[in-house]
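S.K.: Sharing a structure with you now.
The values are calculated or read from the model by the stated rules, or taken from the named source; none is laboratory data. Worth saying up front: this structure is predicted, and the values here are computed from it rather than measured. Neighbour counts are summed over all protein chains in view; Cβ atoms, including those assigned to glycine, are modelled from backbone coordinates with ideal geometry.
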Amino acid sequence: MKKVITYGTYDLLHYGHIALLKRAKALGDYLIVGVTSDAFDKNRGKLNVQQTVVERIEAVKRTGLADEIIVEEYEGQKISDIKKYKVDIFAIGSDWRGKFDYLNEYCQVIYLKRTEGVSSTELRATKNPLIKIGVVGIGNPTERIIQESLYVSGLEMCAAYDEQNKKLSAICEKYNITAYSSLENMLQEMDAVYINALLPKHDILIEKALNFECHVLCESPIFMNRSDADKLFELAKKKNKVLFEAIKTIFFPAFEHLMLIVNSGIIGGIRDIEVSCSHIPENLEEIKGEKYKGSMYDWGSIALVPIIKILGTEYERCSMYDYESNGFNYFVRGLLKYKNATAVFKVGKGIKTEGQMIITGTKGYIYVPAPWWKTDYFEIRYEDLRATKKYFYRYEGEGFRYELLEFVKMINQNQIESYYYSQREMKSIIGIIEQFDGGKVEKLNFDL
Ligand code: CTP
């Protein structure tokens, strides 16, 4: 019996896929089809797949052409499958010509002609029209997000506006996007905006964008206080628009799995979390006079995200020590008290500490090395060192693409809340930023 194997994502199964499967089947007596897992696609940067692996397998099954369906989960699996299933022929579409020649060592490799004029990419594009996104505010990390947007299909970052006109034309020229001198004119043309402005401007900009019927992705912290949050989430709901805070950490595959692992009870009940984030920027001297570039505004939301996600939004008390000099906040040590747990967060700008996270449980603890907010690795440790478990998750780019992908998904699926980060969680964090901004902290002089 001649065994043939072929692989694919088979998203929104189309006649090109069916033609390929028919040709592959005709090469032998038994056809094995490998369907990519959701995590494998995500890890290899294929971020726009619409259907889950279960739906895609079901569609392949319904063609009646596969004698066996397997899931492709990792790089390098093909060699092991070919050996394991004693495969004679590896077949794949001609768009992959040359890429799988290395498999000739294990079986015959055949590239089959690809059907012209159809692809999952095109079907996804017709299903969901392209979302035009305008950028409001050129500053760190705007340029990186524009670069990363190129990896996410379904959106186009095609316009930019900056109140102070800083670097606007240079960035627009570099990425071939339209520079606007009027925000209103830009909003009129866009479906969505990405806001990267100083915190006190967020509410006005968000309100304006929503009133121009634009979806909004805004850098963190998204609001200065809870009443702005309530008012603008309400407006977004009324307008049926997505309003979402940009925190890339929560979309890193490792962070996502970390949350699931913590919830599974593997380290017992969580009693404490320690989180630190700090950096000394090159332009510290330049920004020292700008209150809203201080450490709590810069890092606060990021440091609080794992605490609020794991221990919940119902903390009983939050006390903070604010190390400042001339109104600039260099360092904060905060302590949150919950009914049965505590959490410590340290954020610093112009000061440096180890950027790690430790989640303490009754059975063991999770250690995430620095920089935990860009995490791809963590360990679960127990009393018995030999029981240590190490987890590594690959991710592509700088994480922004996952954040953009979620934003696009929320828009396309008409979904106001994200499973990754709820409005309730955002508001809880905003409450702590508001407490800090309102001066309900103990002040210490950084210079002494
Ligand atoms: N295929 C084909 N003809 C097409 C599209 C796909 O023969 N018009 C083949 C591919 O070469 C591959 C298999 O179908 O062998 C699965 O491809 P997949 O990547 O899942 O489909 P695409 O439509 O190419 O998906 P995308 O646009 O997301 O890359």
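S.K.: For residues that are of a type in the set (D, E, K, R) and more than 21 Å from Glu354 (Cβ to Cβ), scanning just the stretch 276-295, find the one that is surrounded by the most Cβ atoms within 10 Å (Cβ to Cβ). Step through it out loud before you land on a result.
M.R.: The initial filter retains those residues of the stretch 276-295 that are of a type in the set (D, E, K, R), namely 282, 285-286, 288, 290-291, 293.
Restricting the remaining residues to those that are more than 21 Å from Glu354 (Cβ to Cβ) gives 285-286, 288, 290-291, 293.
Values: Glu285: 9, Glu286: 10, Lys288: 17, Glu290: 12, Lys291: 17, Lys293: 20.
Looking at the filtered set, the residue picked out is Lys293.
S.K.: Now for a different question. Which members of the stretch 276-304 meet the condition of being over 30 Å from Tyr382 (Cα atoms), touching a residue at least 60 places away in the same chain (Cβ under 8 Å) and either hydrophobic (A, V, I, L, M, F, W, C) or assigned to a strand (DSSP E or B) (or both)?
M.R.: His279, Ile280, Leu284, Met296
S.K.: Between Ile429, Ile380, Ile411, which is within 30 Å of Lys291 (Cβ to Cβ) and aliphatic (A, V, I, L, M)? Even if it seems obvious, please write down each step before you answer.
M.R.: Numbers: Ile380 fails: within 30 Å of Lys291 (Cβ to Cβ); Ile411 fails: within 30 Å of Lys291 (Cβ to Cβ).
Being within 30 Å of Lys291 (Cβ to Cβ) and aliphatic (A, V, I, L, M) holds for just one of Ile429, Ile380, Ile411, which is Ile429.
S.K.: For the stretch 173-218, name all the residues that are touching a residue at least 60 places away in the same chain (Cβ under 8 Å) and of a type in the set (D, E, K, R).
M.R.: Asp191, the sole residue that qualifies.
S.K.: State whether one or more residues within the stretch 110-132 are away from the ligand (no atom under 16 Å from the Cβ) and surrounded by 18 or more Cβ atoms within 10 Å (Cβ to Cβ).
M.R.: Pass one, the stretch 110-132, residues away from the ligand (no atom under 16 Å from the Cβ): 129, 131-132.
Restricting the remaining residues to those that are surrounded by 18 or more Cβ atoms within 10 Å (Cβ to Cβ) gives 131.
Within the stretch 110-132 (the criterion being away from the ligand (no atom under 16 Å from the Cβ) and surrounded by 18 or more Cβ atoms within 10 Å (Cβ to Cβ)), the answer is yes, since at least one residue qualifies.
S.K.: From the list Glu207, Glu213, which residue is out of contact with any Gly (no Cβ under 8 Å at 6 or more places or on another chain), within 20 Å of Lys239 (Cβ to Cβ), at pLDDT 95 or above and part of a loop (DSSP other than H, G, I, E, B)? Break it down stepwise before answering.
M.R.: Working: Glu207 fails: part of a loop (DSSP other than H, G, I, E, B).
Of Glu207, Glu213, the one residue that is out of contact with any Gly (no Cβ under 8 Å at 6 or more places or on another chain), within 20 Å of Lys239 (Cβ to Cβ), at pLDDT 95 or above and part of a loop (DSSP other than H, G, I, E, B) is Glu213.
Here is a yes/no grid of residues against (1) buried (at least 16 other Cβ atoms within 10 Å of the Cβ); (2) of a type in the set (Gly, Ala, Ser); (3) under 21 Å from Phe223 (Cβ atoms); (4) in contact with an Asp or Glu (Cβ under 9 Å, 6 or more places away or on another chain):
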{"position": "Ala254", "(1), (2), (3), (4)": "yes, yes, no, yes"}
{"position": "Tyr297", "(1), (2), (3), (4)": "yes, no, yes, yes"}
{"position": "Tyr321", "(1), (2), (3), (4)": "no, no, no, yes"}
{"position": "Asn329", "(1), (2), (3), (4)": "yes, no, yes, yes"}
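S.K.: Would you mind telling me which numbered condition in (1) touching a residue at least 24 places away in the same chain (Cβ under 8 Å); (2) of a type outside the set (D, E, K, R); (3) more than 16 Å from the ligand (Cβ to nearest atom); (4) more than 16 Å from Lys241 (Cα to Cα) Ile222 fails?
M.R.: That leaves (4) as the condition not met.
S.K.: Now, a different point. Considering only residues that are farther than 21 Å from Gly431 by Cα and of a type in the set (Val, Ile, Thr), which ones fall in the stretch 269-322? Break it down stepwise before answering.
M.R.: The initial filter retains those residues of the stretch 269-322 that are farther than 21 Å from Gly431 by Cα, namely 269-271, 278-290.
Within the stretch 269-322, Ile270, Ile280, Ile287 qualify.
S.K.: Kindly indicate which of Leu260, Leu336, Leu311, Leu304 is surrounded by fewer than 17 Cβ atoms within 10 Å (Cβ to Cβ) and not charged (D, E, K, R).
M.R.: Values: Leu336 fails: surrounded by fewer than 17 Cβ atoms within 10 Å (Cβ to Cβ); Leu311 fails: surrounded by fewer than 17 Cβ atoms within 10 Å (Cβ to Cβ); Leu304 fails: surrounded by fewer than 17 Cβ atoms within 10 Å (Cβ to Cβ).
Among Leu260, Leu336, Leu311, Leu304, only Leu260 is surrounded by fewer than 17 Cβ atoms within 10 Å (Cβ to Cβ) and not charged (D, E, K, R).
S.K.: Continuing with the same structure: Any idea which of Asp81, Asp95, Asp11 is of a type in the set (Asp, Glu), surrounded by fewer than 20 Cβ atoms within 10 Å (Cβ to Cβ), under 33 Å from the mean Cα position of the chain (by Cα) and within 25 Å of Glu396 (Cα to Cα)?
M.R.: Just a single option satisfies the conditions, and that option is Asp95.
S.K.: Taking the condition of being within 10 Å of the ligand (Cβ to nearest atom) and free of Cβ contacts under 8 Å to residues at least 40 places away in the same chain, how many residues in the stretch 86-99 meet it? Break it down stepwise before answering.
M.R.: If we filter the stretch 86-99 for residues that are within 10 Å of the ligand (Cβ to nearest atom), which is where we start, we get 91-97.
If we keep only those that are free of Cβ contacts under 8 Å to residues at least 40 places away in the same chain as well, we get 94-97.
Looking only at that region, the number is 4.
This table checks each residue for (1) in contact (Cβ under 8 Å) with a residue 40 or more places away in the chain; (2) surrounded by fewer than 22 Cβ atoms within 10 Å (Cβ to Cβ).
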residue: Val347; (1), (2): yes, no
residue: Pro371; (1), (2): yes, yes
residue: Leu385; (1), (2): no, yes
residue: Leu405; (1), (2): yes, yes
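S.K.: Only residues in the stretch 54-70 that are over 10 Å from Val35 (Cβ atoms) count as the first member; pair them with residues that are among the charged types (D, E, K, R) and part of a helix (DSSP H, G or I), Cβ under 6 angstrom, at least 6 apart or cross-chain, and list the lot.
M.R.: From residues that are over 10 Å from Val35 (Cβ atoms), the pairs are Leu65/Lys25.
S.K.: Among the residues of the stretch 1-42, which ones are more than 9 Å from the ligand (Cβ to nearest atom) and in contact (Cβ under 8 Å) with a residue 60 or more places away in the chain?
M.R.: Lys2, Lys3, Val4, Ile5, Leu27, Gly28, Ala39, Lys42
S.K.: Given the criteria outside any helix (DSSP H, G or I), over 24 Å from the mean Cα position of the chain (by Cα), crowded, with 20+ Cβ neighbours inside 10 Å and touching a residue at least 60 places away in the same chain (Cβ under 8 Å), does Ile273 qualify? Outline the logic, then answer.
M.R.: Values: outside any helix (DSSP H, G or I): yes; over 24 Å from the mean Cα position of the chain (by Cα): no; crowded, with 20+ Cβ neighbours inside 10 Å: yes; touching a residue at least 60 places away in the same chain (Cβ under 8 Å): yes.
No.
S.K.: Then there is this: How about the stretch 234-263: which of its residues are assigned to a helix (DSSP H, G or I) and not hydrophobic (A, V, I, L, M, F, W, C)? Walk me through it before giving the result.
M.R.: Let us first name the residues in the stretch 234-263 that are assigned to a helix (DSSP H, G or I), namely 234-239, 248-251, 253-263.
Listed by number, the residues that qualify are Glu234, Lys237, Lys238, Lys239, Lys248, Thr249, Pro253, Glu256, His257, Asn263.
S.K.: While we're looking at this one, here's another question. Could you go through the stretch 55-69 and let me know if any residue there is under 27 Å from Phe251 (Cα atoms) and more than 9 Å from the ligand (Cβ to nearest atom).
M.R.: So the first thing to find is which residues in the stretch 55-69 are under 27 Å from Phe251 (Cα atoms), and the list is 55-57.
Pick out the ones that are also more than 9 Å from the ligand (Cβ to nearest atom) and you get 55, 57.
The answer is yes; a qualifying residue exists.
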